[in-house]
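The values are calculated or read from the model by the stated rules, or taken from the named source; none is laboratory data. Just so it is clear, the structure is predicted and the values come from calculations on it, not from any experiment. FYI the Cβ positions are ideal-geometry reconstructions off the backbone, even for glycines, and counts take in every protein chain you see.
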Amino acid sequence: MDPIDATMKIATSGMKAQSMRLRVVSENVANAASTGNAPGADPYRRKTVTFQNVLDRKLGAEVVGRGKIGTDKSEFRLTYDPSHPAADGRGYVKMPNVNTVIEMADMREASRGYEANVTVIEQAKAMSSRTLDLLRD
Amino acid sequence: MSDLSVAPIGAAIPSIVDSVEGVSGAAATSGVGKSSFGEAFEKAMSNAVSSVRGGEKAMLAGLEGRLGNQEVVNAVLAAENTLQTVVAIRDRAVNAYQEILRMPI
């Protein structure tokens, strides 16, 4: 396969991976205050996404595989709020282990990664059209 | 006479057709061989058309939300690329052909 066409496909897989990451970030941000309903119940647990390289035999190149969604095993934050339906016997509510600053950093990373892949596609397109221009006079 | 002089250009077509097929992912035909000018072009054009159809299909799928944005853009770009390649090569070959026709006899 033409390397330039392959480049476009590989960059597309990278863009999909970064969109997946953004999706997970948005889940975390949206659920940053999602607590349980019953006393002492667990709140939303932060999700993480990991990617793996996959060999695409048709392309003969490594692309980014489907992201694997896992969970962040860290401790939940405790806040004192006895009136909350999820408050335990001592009046503490478990809050999600989501840190919006970290999510913001992740989001920025996803955005930068996406832009990088878009730039790769732009470059591949420019190169192939420059080559075709040789035929025109 | 014109048949003889056109032969080198005609011989270049099969490789073009092959590369076009590679882009569109259509089934590979083994060696066009000594096909005529017109036949070779017809083949190249039909391949380009199928690639463009693929792009259109992807576009529709994207509008219906069955396909991701990136996939649609990728398919459309591939179709565009194929079409441009075919058109550029066609222009070139037709130019050469006309050059031969304009030859003073």
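Inspect all residues belonging to the stretch A:45-59 and state whether any of them is within 14 Å of chain B (Cβ to nearest Cβ), free of Cβ contacts under 8 Å to residues at least 12 places away in the same chain, more than 20 Å from A:Gly113 (Cβ to Cβ) and of a type outside the set (Gly, Ala, Ser). Let's see the steps before the verdict.
Initial filter on the stretch A:45-59 (within 14 Å of chain B (Cβ to nearest Cβ)): A:56-59.
From what's left, free of Cβ contacts under 8 Å to residues at least 12 places away in the same chain: A:57.
Right, trim to more than 20 Å from A:Gly113 (Cβ to Cβ) and you get A:57.
From the residues that got through so far, the ones that are of a type outside the set (Gly, Ala, Ser) too are A:57.
Yes, because at least one residue in the stretch A:45-59 is within 14 Å of chain B (Cβ to nearest Cβ), free of Cβ contacts under 8 Å to residues at least 12 places away in the same chain, more than 20 Å from A:Gly113 (Cβ to Cβ) and of a type outside the set (Gly, Ala, Ser).
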### Task
Given the conditions (1) in a loop (DSSP other than H, G, I, E, B); (2) at negative phi; (3) surrounded by fewer than 17 Cβ atoms within 10 Å (Cβ to Cβ), report the number of the one that A:Thr35 does not fulfil.
(3)
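Of all residues in the stretch B:88-105, which are of a type outside the set (S, T, N, Q), more than 11 Å from every other protein chain (Cβ to nearest Cβ) and under 23 Å from B:Ala44 (Cα atoms)? Walk me through it before giving the result.
Let us first name the residues in the stretch B:88-105 that are of a type outside the set (S, T, N, Q), namely B:88-94, B:96-97, B:99-105.
From what is left, the residues that are more than 11 Å from every other protein chain (Cβ to nearest Cβ) are B:94, B:96-97, B:99-105.
If the condition is that a residue be of a type outside the set (S, T, N, Q), more than 11 Å from every other protein chain (Cβ to nearest Cβ) and under 23 Å from B:Ala44 (Cα atoms), then B:Val94, B:Ala96, B:Tyr97, B:Glu99, B:Ile100, B:Leu101 are the ones that fit.
Taking A:Asp133 as the residue in question, decide whether it is exposed (fewer than 14 other Cβ atoms within 10 Å of the Cβ) and acidic (Asp, Glu).
Details: exposed (fewer than 14 other Cβ atoms within 10 Å of the Cβ): yes; acidic (Asp, Glu): yes.
For A:Asp133, the condition - exposed (fewer than 14 other Cβ atoms within 10 Å of the Cβ) and acidic (Asp, Glu) - is met.
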### Task
Among the residues of the stretch A:18-44, count how many are out of contact with any Lys or Arg (no Cβ under 8 Å at 6 or more places or on another chain) and either within 14 Å of another protein chain (Cβ to nearest Cβ) or among the basic types (Lys, Arg) (or both).
5
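Residue by residue, here is whether (1) of a type in the set (Gly, Ala, Ser); (2) at pLDDT 95 or above holds:
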{"position": "A:Asp2", "(1), (2)": "no, no"}
{"position": "A:Ser13", "(1), (2)": "yes, no"}
{"position": "A:Ser26", "(1), (2)": "yes, yes"}
{"position": "A:Val29", "(1), (2)": "no, yes"}
{"position": "A:Leu78", "(1), (2)": "no, no"}
{"position": "A:Asp88", "(1), (2)": "no, no"}
### Members of the stretch B:56-93 found to be out of contact with any Gly (no Cβ under 8 Å at 6 or more places or on another chain) and among the polar types (S, T, N, Q), listed by number
B:Gln70, B:Asn74, B:Asn81, B:Thr82, B:Gln84, B:Thr85
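Restricting the stretch A:39-90 to residues that are outside any strand (DSSP E or B) and among the hydrophobic types (A, V, I, L, M, F, W, C), which is surrounded by the fewest Cβ atoms within 10 Å (Cβ to Cβ)? Talk me through it step by step, then tell me what you get.
Taking the stretch A:39-90 as the starting set, the residues that turn out to be outside any strand (DSSP E or B) are A:39-46, A:51-52, A:57-60, A:65-67, A:72-76, A:81-90.
Within this subset, residues satisfying the condition of being among the hydrophobic types (A, V, I, L, M, F, W, C) are A:41, A:51, A:59, A:76, A:86-87.
Details: A:Ala41: 13, A:Phe51: 16, A:Leu59: 16, A:Phe76: 19, A:Ala86: 18, A:Ala87: 18.
Checking each candidate, the answer is A:Ala41.
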### Message
If B:Glu64 satisfies all but one of (1) more than 12 Å from chain A (Cβ to nearest Cβ); (2) in contact with a Ser or Thr (Cβ under 9 Å, 6 or more places away or on another chain); (3) surrounded by fewer than 19 Cβ atoms within 10 Å (Cβ to Cβ), what's the number of the condition it fails?
### Response
(2)
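Looking for something acidic (Asp, Glu) and surrounded by 14 or more Cβ atoms within 10 Å (Cβ to Cβ) - is there at least one such residue anywhere in the stretch B:70-82? Please lay out each step first, then the result.
First pass over the stretch B:70-82, keeping only residues acidic (Asp, Glu): B:71, B:80.
Next, from what is left, pick out any that are surrounded by 14 or more Cβ atoms within 10 Å (Cβ to Cβ): B:71, B:80.
Yes.
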